[in-house]
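Taking it in order: structure first as structure tokens, then the write-up.
Each reported figure results from applying straightforward, stated rules to the coordinates on display, with no laboratory input. Computed from a predicted structure; not experimentally measured. Here the Cβ positions follow ideal geometry from the backbone for every residue, glycine too, while neighbour counts run over all protein chains shown.
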Amino acid sequence: MPKTYSEIENWILAEVNPVLSNSVDQTYERLVRIRARMPAIDVPQDLNREEDFSEEAVVRELALYFQGCEQVLDVGCGDGWPLLRLANHLPQVTGIDASTRRIAVATENARRLGLKNVTLKQMSATELAFGDNTFDGVVAVNVVEQTPEPYQVLREIYRVLKPGGRLKIYFEAGNDTEKGTTERVFLTETDISLGYHYVLRHHRPPWERNYLIEFTPTPEMKEEFRRLQELIDRLGPVPAQVPELGLEFLTRNRSGIKGGTWYEIEHFTSETMRDTVEELGFTDVRIVYSAGTLARRFQPQIAGQGLSPVQLQAVCQGLAVVSAEINAPSASGEPVVAVKPERG
Ligand SMILES: C[S@@+](CC[C@H](N)C(=O)[O-])C[C@H]1O[C@@H](n2cnc3c(N)ncnc32)[C@H](O)[C@@H]1O
């Protein structure tokens, strides 16, 4: 099926002529942080908050899934999720990420948490610098699809897993009920450029194209970016709803553009991830509910019942136990689990 191009994309292609890049150089090296906050690092955990409650459920589901594993690898750990939370439950964890900046942030986060059983290394998942059969478990959260070669990454994960080793992959689920495309704008800043990021996401089949337009950081451009950020904060990041975020901004500031890059991502669905993992030789491949999904579903009923932190943790633990047993439908966007066969 031919891929659609938006009006803003056509303008960028004609006026900026962006060069091909990847998610690490274009996005993750430029972000100050990946998530709005790191769980249990910035603010104390409050299990009455939906986000904290579902994250606690995910940590417990992973701790349960990797029970008995000596060495677990988090591929594409970003600023330390889920690596640094999992470290409290497992003997030894290793995190890798291709972004130097992300590894620096994760290392600082591990230090702030006082964790001693965490190893962090900068490397690409397409070429893992570990011997064959090294790890008892591998987890990858929203990363395989972010790499330029998802199949090569999955082959590498297979190689470094020991026979009998366990894999759990989460991915950013597309919105299966939505059709067409959605657009989004966000901004970044480095010493040498102001970054205008434009993301076009197609829902069925799920893919997205990302563009970075770099502007020279003159005082006037900084002021333009400050005003643009204010608009995004106030009205949301969607140029279709706020035209000042899109072509209006770009055409007015065309003279300040110093270059641009782009990359494209094919998103997985639970079904395509399951089939791909199976093709690579894994066994016991299943799509399972994440305890995080169940936690989000039940959180409104549970919050406000006056449960103590210990009781709320017990609920998360229960959801982790239950979720591991429930197969999820292939259209759900839920994670995939698999095992490297004993012989293979
Ligand atoms: C969406 S973030 C997820 C980070 C973290 N797992 C989380 O859930 O917060 C994607 C991560 O993949 C990393 N990444 C992208 N391409 C990679 C590659 N080829 N090898 C290793 N990591 C890569 C990025 O640097 C980024 O940290």
If Rh is defined by the Kirkwood formula over all Cα pairs and Rg also comes from Cα, what ratio Rg/Rh do you get for the chain?
0.98
Helix 291-302 axis, angle to the chain major axis (alpha carbon atoms, nearest 10°)
90
Computed from every Cα-Cα pair in segment 131-243, P(r) in 5 Å bins starting at 0 and rounded to whole percents is 2, 10, 14, 15, 14, 12, 11, 10, 7, 4, 2, 0
Please rank Tyr65, Tyr5, Tyr198, fewest neighbouring Cβ atoms within 10 Å first, as an exposure proxy.
Tyr5, Tyr65, Tyr198
Which angle between 0 and 90 degrees, to the nearest 10, do you get for helix 100-112 versus the longest principal axis of the chain when only C-alpha atoms count?
50
Can you give the relative contact order of segment 185-286 as a percent, counting alpha carbon pairs under 8 Å and 6+ residues apart?
28
Can you tell me the 0 to 90 degree angle between the C-alpha axis of helix 309-325 and the longest principal axis of the chain, rounded to 10?
80
Mean separation of Cα pairs under 8 Å and 6+ residues apart, divided by the residue count of segment 1-85: what relative contact order is that in percent?
24
If we count other beta carbons within 10 Å of each Cβ, what is the order of Ser270, Ser330, fewest first?
Ser330, Ser270
Using Cα pairs closer than 8 Å and at least 6 residues apart in sequence, work out the relative contact order for segment 153-230, in percent.
22
Magnitude of the charge dipole, segment 218-339, Cβ model with Lys/Arg +1 and Asp/Glu -1, debye to 20:
500
In debye, nearest 20, what is the charge dipole magnitude of segment 98-142 about its Cα centre with +1 on Lys and Arg Cβ and -1 on Asp and Glu Cβ, if you could check?
360
Give me Asp25, Asp191 ranked fewest to most by other Cβ atoms within 10 Å of their Cβ, as a rough exposure proxy.
Asp191, Asp25
Size of electric dipole in the chain: Cβ of Lys, Arg +1 and of Asp, Glu -1, about Cα centre, debye, nearest 20
540
Show which aspartates and glutamates lie in cross-link reach of Lys258 when reach means a straight Cα distance below 16 angstrom and same-chain residues fewer than eight apart are skipped.
Glu15, Glu189, Asp191, Glu214, Glu220, Glu224
By DSSP, what percent of the beta bridges with both residues in the chain are antiparallel, rounded to the nearest 5?
60
Mean ellipticity per residue at 222 nm, deg cm²/dmol - from DSSP H runs of n ≥ 4 across the chain, formula -39500 (n - 2.57)
-10500 deg cm²/dmol
